[in-house]
Amino acid sequence: MLDLAENKLEGSLNATEFWKLRYLTSIDISMNDFGGHADMYFGPAMVYVNYSRNHFTSAGFKRFAGGMMSVVNLSNNLIDMEAVDLFQNVPLNVTELNLSNNTLRGAFPDSFPFLGKLTRFTIVNNDMEGPIPLGLADFTDLTVLDFAGNKLSQGIPPGIGYLKKLTVLNLSSNVLGSSIPGSLGRMEGVLEMLDLSNNELVGRIPSELGELQETIVLLGGNSLTPPAPLGVCKIATVKDDQDL
């Protein structure tokens, strides 16, 4: 384990030096002043990588490098690049991927990589555009999906409602349109928070959401059609700034 977190270290990193540490399993250089390119190029034993809260301006993964990498945190940097380039060669074993508070641009790749072990996927506060990948519905181990604060558009993929382990679904502050899929009501008893606020959603709230009696439901800042179904009105934690 290499822990250099919360110092005043600066400069760029030479990824080939980390590659030489073949048995290194964990690296934490968070809360420093490193900059330049964050090259995810590590030896075969690497599992945990925390490069958050630095000044990296770009990042990338190498094919066949870091194949055991499970946790990758690149949040709170200055990464300004096309998202399709960053997602290239993401290790298929990754379980937690945090890219929040950067400037990732453009749409998700058309052929989004199958990250079947992914449990937490957060890209909060970037400039992502286009649709949410339909393939996320196949990531059956997802527990947290947080894409808040982007420019994602089109509709919410109904398949997300079939993710049986999802506890947090936050799609707030995007430009998502169309209606709310009723399939989201299938996550009763598991989903703890559903935040769809501040989008461009239209139509009536589906009655199926009334099944989410133990879920914090945030729907305000849309153009939903009143009245709300009775079951939704009975959700004690439902919050909506509209007269539904």
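The values are calculated or read from the model by the stated rules, or taken from the named source; none is laboratory data. All values derive from a computational prediction rather than experimental measurement. Ideal geometry is used to build each Cβ from the backbone, glycine not excepted, and the neighbour counts take in all protein chains shown. Surface areas here come from the heavy atoms of the whole protein model, side chains and all, with no ligands, DNA or RNA. Shrake-Rupley method; radii C 1.70, N 1.55, O 1.52, S 1.80 Å.
Observations
- Extended-chain gain in nm, criterion 0.36 nm per residue less alpha-carbon gap, LYS62 and ASP80: 4.6 nm
- Each residue of the stretch 81-89 is assigned a 3J(HN,Hα), and the resulting list reads 6, 5, 4, 4, 6, 5, 6, 5, 6 Hz, derived from the Karplus form 6.51 cos²θ - 1.76 cosθ + 1.60 (θ = phi - 60°), x at Gly and Pro.
- Surface analysis of the stretch 129-178 yields an accessible area of 37 Å² per residue, using protein heavy atoms and a 1.4 Å probe.
- Fraction of accessible area attributable to carbon and sulfur, the chain (%, probe 1.4 Å): 52
- Long pairs among LYS165/LYS234; LYS62/LYS117; LYS20/LYS164, criterion Cα-Cα beyond 29 Å: LYS20/LYS164
- Scaled against 2.2 N^0.38 Å for its residue count N, the alpha carbon radius of gyration of the stretch 56-192 is 1.00.
- Taking amide H as placed 1.01 Å from N in the peptide plane, the amide H of GLU82 sits under 5 Å from that of ARG105, each at least 5 places away or on another chain.
- Zone residues, the stretch 67-98, relative to ARG22, backbone N less than 19 Å from point 7 Å out along Cα-to-Cβ: 67-69
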